[in-house]
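Everything below concerns the one structure shown next.
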Amino acid sequence: MNKNIKILVIVLVIGALAAIYFNKNLSDSSGNTQTDKSEINATQTEESYETTTNEYYDLAIENGYPTFLEFTTSTCPACKYMEPTIEEAKIKFKGKANVVVVNLDLQENAHLAMAYNVRVVPTLVFLDNDAVIKSRTEGVTTLDDIEKMLKEAGMQ
């Protein structure tokens, strides 16, 4: 039984590595791996960020406000459902907290998903003023719950 589990794990790891390799090579051949700033779905309005690059993540983390990160993908139905709530949060918490939408469709954001242990989308991670994780939630979340978790993270 133990031997079968080890073999299964090895096969899964090899398969995952092969998928990553082929996906990268396909992207390279189509010329779509480089994203210039005109293609970035990113906006900054005071402490509200929508990002497909690390630049906006870094700005949010460094400005001293509590932050919530929403990890999302373009193919996630629950993420699409959350979009109006996230837009409301950007307006409601402007000047009080950072709202960072992290698009996991892009390989360049994969390290953020790993750093914050994102297993499902949407995942919201709440950070205090020093970028220390205070709480997290997975799945659809209400604006009231977001506000509660931001207050726990130090939002005034």
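The values are calculated or read from the model by the stated rules, or taken from the named source; none is laboratory data. Being a predicted model, the structure only gives us computed values, none of them experimental. Neighbour counts are summed over all protein chains in view; Cβ atoms, including those assigned to glycine, are modelled from backbone coordinates with ideal geometry.
In the list Ile61, Ile40, which residue meets the criterion of being surrounded by 15 or more Cβ atoms within 10 Å (Cβ to Cβ) and at pLDDT below 55?
Ile40 is the lone residue from the list that is surrounded by 15 or more Cβ atoms within 10 Å (Cβ to Cβ) and at pLDDT below 55.
Residues that are of a type in the set (Gly, Ala, Ser), farther than 12 Å from Ala97 by Cβ, at pLDDT below 95 and touching a Leu at 6+ places or on another chain (Cβ under 7 Å): does segment 116-134 have at least one?
No, segment 116-134 contains no residue that is of a type in the set (Gly, Ala, Ser), farther than 12 Å from Ala97 by Cβ, at pLDDT below 95 and touching a Leu at 6+ places or on another chain (Cβ under 7 Å).
Strands (runs of 3 or more DSSP E) wholly in segment 84-156 with at least 2 residues that are without any contact (Cβ under 8 Å) to a residue 60 or more places away in the chain, aliphatic (A, V, I, L, M) and assigned by TED's automatic domain parsing to the domain that holds Phe71 - which ones? Steps first, answer last, please.
Working: elements: 98-103, 123-127, 133-138.
In segment 84-156, the matching strands (runs of 3 or more DSSP E) lie at 98-103, 123-127.
Mind listing just one residue for me: the one in segment 74-133 that is small (Gly, Ala, Ser) and under 17 Å from Asp144 (Cα atoms) and, of those, surrounded by the fewest Cβ atoms within 10 Å (Cβ to Cβ)?
The selected residue is Ala89.
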